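**Q** Take this structure, written in structure tokens, and hold onto it; I'll ask about it next.
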């Protein structure tokens, strides 16, 4: 289930952002003591920010946000799909299901808008998920000491 972040999710957010496994391809985790100190009681909410809830507990997060500036010109001004899942939730298809639901929501709110996704090419699971969700390669580039992949999902046009 996708829902808004709530106060009860704070510990899961801290765990997610401090996890070395989660941040293998994202530049490394944030320090636990820093997160404990800085994480608000209720994580920030905005349209397109979803907690992935399984059996009443947060297992991940899906974000759809428009970057006013993007590190790649091909992505500038487009909405970017991002996701993070706790390692105990990996391998069950939750990311595919949650991202597809978030993209369906997005298509209903902003039909006709393209969505981009960036990931390291070394992140095989993320590359597989991008393909499964219908993202196709726009470009590969080198950043953060690794090859990166930028894909775009064609906009879903509204039915007449």
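**Q** Using a Gaussian network model of the chain whose springs link C-alpha atoms within less than 10 Å, name the residue from 102, 57, 75 with the highest mean-square fluctuation.
**A** It is 57.
**Q** Another one. In whole angstrom, note down how far apart the Cα centers of the stretch 87-103 and the stretch 22-38 are.
**A** Cα centres, the stretch 87-103 to the stretch 22-38: 21 Å.
**Q** Right, next: Two decimals is fine: what's Rg over Rh for the chain, C-alpha atoms, Kirkwood radius as Rh?
**A** Working: Rg = 15.6 Å, Rh = 16.4 Å.
Result: Rg/Rh = 0.95.
**Q** A further question on this structure: Starting from the Cα-Cα distance between residue 3 and residue 97, subtract it from 0.36 nm times their residue separation and give me the gain in nm to one decimal.
**A** Numbers: separation 94, 0.36 × 94 = 33.84 nm, distance 1.38 nm.
Extra length available between residue 3 and residue 97 comes to 32.5 nm.
**Q** Among 21, 132, which comes first, second and so on when ranked by fewest other beta-carbon atoms within 10 Å? Intermediate values should be presented prior to the final figure.
**A** Working: 21 10, 132 13.
Result, fewest neighbours first: 21, 132.
**Q** Pairs of Cα atoms under 8 Å, at least six residues apart: use those to get the relative contact order of the stretch 2-153, whole percent. Spell out each step's value before the answer.
**A** Details: 238 pairs, mean separation 28.3, N = 152.
Relative CO of the stretch 2-153 lands at 19 percent.
**Q** When the chain is treated as a GNM, springs tying every alpha-carbon pair under 10 Å, which of 56, 112, 41 comes out with the largest mean-square fluctuation?
**A** With Cα springs under 10 Å in the chain, the top fluctuation among 56, 112, 41 is at 56.
**Q** Continuing with this model, one more query. Rank these for me by crowding, 44, 147, going from fewest to most other beta carbons within 10 Å. Spell out each step's value before the answer.
**A** Numbers: 44 9, 147 12.
Fewest to most other Cβ atoms nearby, the residues stand as 44, 147.
**Q** Taking springs between alpha-carbon atoms closer than 10 angstrom, which of 110, 64, 150 fluctuates most in the Gaussian network model of the chain?
**A** Highest fluctuation among the options: 110.
**Q** Could you put 54, 135, 13 in order, starting from the residue whose Cβ has the fewest other Cβ atoms within 10 Å? Let's see the in-between values first.
**A** Numbers: 54 14, 135 23, 13 19.
Placing the least packed residue first, the sequence is 54, 13, 135.
**Q** Just to be sure I understand: of the beta bridges DSSP finds with both ends in the chain, what percent are antiparallel, rounded to 5?
**A** 95 percent
**Q** Need one word for the stretch 104-147: rounded, prolate or oblate. Basis is the Cα gyration tensor (sqrt eigenvalues a ≥ b ≥ c); a/c below 1.5 gives rounded, then a/b vs b/c decides. Present the calculation step by step, with values, prior to reporting the outcome.
**A** Values: a/c = 2.92, a/b = 2.00, b/c = 1.46.
Because a/c hits 1.5 or more and a/b exceeds b/c, the stretch 104-147 counts as prolate.
**Q** Over all directions, how big on average is the projection of the convex hull of the alpha-carbon atoms in the stretch 80-136, in square nanometres? The partial results should precede the final answer.
**A** Values: hull surface 16.0 nm².
So the Cα hull casts an average projection of 4.0 nm².
**Q** Let me ask something else. Under 1.5 on a/c is rounded, so check that first for the stretch 27-102, then, if it is not, pick prolate when a/b is larger than b/c and oblate when it is not; a ≥ b ≥ c are the square roots of the alpha carbon gyration tensor eigenvalues.
**A** Working: a/c = 1.69, a/b = 1.18, b/c = 1.44.
It is oblate, given that a/c is not under 1.5 and a/b is not larger than b/c.
Rule-based calculations on the coordinates, nothing more; no lab input. Values in this document were obtained by computation on a predicted structure and should not be read as measured data. Cβ coordinates were reconstructed from backbone atoms using ideal geometry, including for glycine residues, and neighbour counts include every protein chain displayed.
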